[in-house]
1. Just to be sure before I move on: is Asn462 out of contact with any Phe, Trp or Tyr (no Cβ under 9 Å at 6 or more places or on another chain), among the polar types (S, T, N, Q) and touching a residue at least 60 places away in the same chain (Cβ under 8 Å) in the structure I sent?
2. Output yes when any residue across segment 432-448 is more than 18 Å from Asn198 (Cβ to Cβ) and among the hydroxyl-bearing types (Ser, Thr, Tyr), and no when none is.
3. What about Val21, is it of a type in the set (A, V, I, L, M, F, W, C) and either modelled with pLDDT under 80 or not in a helix (DSSP H, G or I) (or both)?
4. Go through segment 440-480 and report how many residues are in a helix (DSSP H, G or I), of a type outside the set (S, T, N, Q) and open to solvent by 20 Å² or more (accessible area, probe 1.4 Å).
5. Report yes if some residue within segment 270-280 is modelled with pLDDT under 95 and part of a helix (DSSP H, G or I); otherwise report no.
6. Given the residues Val406, Val412, which is the only one that is open to solvent by less than 70 Å² (accessible area, probe 1.4 Å) and β-branched (Val, Ile, Thr)?
7. Are there any pairs with C-beta distances below 7 angstrom linking a residue in segment 385-403 that is open to solvent by 50 Å² or more (accessible area, probe 1.4 Å) to a residue that is assigned to a helix (DSSP H, G or I) and among the aliphatic types (A, V, I, L, M), with the two at least 6 apart or on different chains, and if so which?
8. Would you be able to say whether some residue in segment 427-435 is under 30 Å from Gln208 (Cα atoms), surrounded by 14 or more Cβ atoms within 10 Å (Cβ to Cβ) and more than 50 Å from the chain's Cα centre (by Cα)?
Amino acid sequence: IFCLILIIELTGCGLWGPDYVKPKISHSDKWRSNDSSTISGGDTDISSVAWWTQFNDVQLNNLIKDALKNNNNIQQAVGNIIQAKGYLEQVKYSWIPTLSSNQGYSSSNSFSSQLNNQTASATIGGNTGYSVGLIPSYSLNVLQLLRTQEAAKASLMQVRYTKNALRLTVLSQIVGSYFTLIQQKYLLDLQNHLVQENLDIYNLANQQYKENYISLFTLQNYYQIYEASKAQIPILENNITQTENAIQVLINKSPAKVITGSKFENISTSGIIPVNLPSSVLKFRPDVMAAEEQLIVANANIGVATSFYFPTLSLTTGVGSATTTLTNLFQGTDSFWQIKSFVNLPFAFSQFGQIKSAKGAYYSAYYNYANTIRIALQQVDTGLSAHQTLSDNYKDLLSFYESVKVSYNLSVESFTQGYYNKLQELTVKVQLDNASISLANAKLQQLQSIVNLYQALAGGYNVNNTEKENIFGDARDSSK
């Protein structure tokens, strides 16, 4: 104790290591980009908001539930949490001395002889017995244990936030892939109609060519358009297969078809983005929280390194060791208590390098934390801008589609009245189908911008969040 007090007096509290202070990363409370769907202000925790339920799609909800429960990457992160918990327990239990047991059997024999003139004598004797004992061993550096425990707690929180970041990523991948899948199925239907219409146009054009109304060059143009539209069918079918397989991987299942619910054209994109989105919502992002916990670990490790210069108290005690001879088993014992304690005052120049290394790790973690915040701000602001831009683009294409639809209705009426021939009507119908495809692509981009924005805002990962492991049913389960 005297040595400990002396070192503290001589060195001050510098060897304890610096206390953690949350870095102040300056940023504005307002976003650079404007989104008419959102306003600045308030402090909403959307990490616990099941925003995907606004699409009213039961199949989507079930896929998300399966993915968050069974995804392999998430379960791997759960295993990392169990491992971190075990390490924290290991650090906590290091305050308890190690207790070792000594037990054994011993036997000794002796022989002596004496020659005295005409006589001789011999003595044969022995000592046989058992020995048992418990010997605790205790090595204690209080400050090192405290800072190691601080680092272990922060490490546990870091892996928890990493798991939450994985939940957020998987959630976004499921929703984005689901929207892509139903859009691809919708496009396949549109493309099949387009192929049939181009085939009808080619057949009518071929008849006109035979009647010398059009040239072979014009006929070949119609044929090329038909073949080009038909060539898109296998591509779309392959895209559907790839998307379905990607979804099955996310829910930890083998390749198979995915049942979808809502029709793509019926999905509403209005009123999905939340209001009240100040920059303070970033405090709910798991990657930002994980980066801060990494900084706390690095700060604590400086204390672990510097605590080397504090004395380590070692205590060894033999408890209740006894030896009993076989001939006097119940009549007597020989026990002893032995205490040996000493204080280590270590000094090694190499420790200066370890301290410097720990400070370098903190320096790196600090700028990783700052960079994580900057990236988070950039992703949200870019997400707001993208959502606004793509929403405007969708509105413009919707107006274009409605205009083409009016033209098609007029062409049908003109054909009925004899002003248009069938070829002219089909040509306008092809224009309408192409407008439908362009509108579907724009709508998918708008939906994906919603998904990306919610991922940037860390929306939904805390819904039914759990660290519960899937059970093996044997000794490998952490609960056994």
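1. Spelling it out, it is not the case that Asn462 is out of contact with any Phe, Trp or Tyr (no Cβ under 9 Å at 6 or more places or on another chain), among the polar types (S, T, N, Q) and touching a residue at least 60 places away in the same chain (Cβ under 8 Å).
2. No: segment 432-448 contains no residue that is more than 18 Å from Asn198 (Cβ to Cβ) and among the hydroxyl-bearing types (Ser, Thr, Tyr).
3. Details: of a type in the set (A, V, I, L, M, F, W, C): yes; either modelled with pLDDT under 80 or not in a helix (DSSP H, G or I) (or both): yes.
For Val21, the condition - of a type in the set (A, V, I, L, M, F, W, C) and either modelled with pLDDT under 80 or not in a helix (DSSP H, G or I) (or both) - is met.
4. At the first step, the residues of segment 440-480 found to be in a helix (DSSP H, G or I) are 440-456.
Those left that are additionally of a type outside the set (S, T, N, Q): 440, 442-444, 447, 450-451, 453-454, 456.
Imposing the further condition that a residue be open to solvent by 20 Å² or more (accessible area, probe 1.4 Å) reduces the set to 444.
Final tally of qualifying residues: 1.
5. Quick first cut of segment 270-280, residues modelled with pLDDT under 95 only: 270-280.
Retained after the next criterion (residues that are part of a helix (DSSP H, G or I)): 279-280.
Yes: segment 270-280 contains one or more residues that are modelled with pLDDT under 95 and part of a helix (DSSP H, G or I).
6. Working: Val406 fails: open to solvent by less than 70 Å² (accessible area, probe 1.4 Å).
Just one listed residue meets the conditions, Val412.
7. Sorted first by the residue in segment 385-403, then by its partner, the pairs are Asn393/Ala442; Leu398/Leu439; Phe400/Ala435.
8. Yes: segment 427-435 contains one or more residues that are under 30 Å from Gln208 (Cα atoms), surrounded by 14 or more Cβ atoms within 10 Å (Cβ to Cβ) and more than 50 Å from the chain's Cα centre (by Cα).
The values are calculated or read from the model by the stated rules, or taken from the named source; none is laboratory data. Everything numeric here is computed off the predicted structure, so don't read it as measured data. Because the Cβ atoms are built from the backbone with ideal geometry, glycine has one as well, and the counts that use them run over all protein chains shown. Accessible surface is based on the protein model in full, side chains and every heavy atom, while ligands, DNA and RNA are left aside. Shrake-Rupley method; radii C 1.70, N 1.55, O 1.52, S 1.80 Å.
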